[in-house]
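A short reminder: the numbers here are calculations on the coordinates, not readings from a lab. For clarity, every value in this text was computed on a predicted model and none was experimentally measured. Every residue, glycine among them, receives a Cβ derived from its backbone with ideal geometry; neighbour counts consider all protein chains shown.
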């Protein structure tokens with residue numbers, strides 16, 4: 001695959017499957033790839049490690065990022081992405097179970113573009129994916145590089 005439109009950092013295999021099915025159900029017709037944690041995410045963006053074979057010049061147009069992951073959590077990954085000139089323009093939508101006001105403020109301070117609390121039902125997840133897709137992939141203008 002030469003291009004990926006949506007990259008999703010999610011460590012839980014069940015959540016990955018639900019998100020993938022919700023994206024399909026929402027009829028979002030864009031390639032999707034998953035990484036398992038913050039380190040895997042950074043390896044993906046830098047095209048190194050397990051992702052050394054992919055083209056480093058092709059970046060996702062949207063990143064969905066879970067906060068609570070092993071090895072490197074989403075907070076640290078977000079901070080590193082937004083500090084790096086090559087990656088800071090990638091829109092980052094936080095998709096997590098957390099919803100505390102303190103966490104929301106901290107995440108926006110780190111440079112997130114949106115904060116979405118994971119819905120509790122599959123039907124609500126489909127709606128959230130549809131809304132995220134419509135907004136980020138159809139409505140807004142995104143930088144080409």
Stokes-Einstein D (µm²/s) once Rh is taken as the Kirkwood radius of region 27-104 over alpha-carbon pairs, at 4 °C in 1.567 mPa s: 98
Max mean-square fluctuation residue, GNM over the chain, Cα-Cα springs under 10 Å, options 22, 56, 112: 56
Region 6-139: radius of gyration over Cα atoms, expressed as a fraction of 2.2 N^0.38 Å: 0.98
Shape category assigned to region 88-145 from the gyration tensor of Cα positions, a/c cut at 1.5: oblate
Packing-based exposure ordering (other Cβ within 10 Å, fewest first) of 88, 106, 75: 88, 106, 75
Taking only Cα atoms of region 1-59, radius of gyration then Dmax in Å: 11.9, 32
Per-residue Cβ neighbour rank within 10 angstrom, fewest leading, 72, 129: 72, 129
Relative contact order (percent, whole number), the chain, Cα cutoff 8 Å, 6+ residue spacing: 25
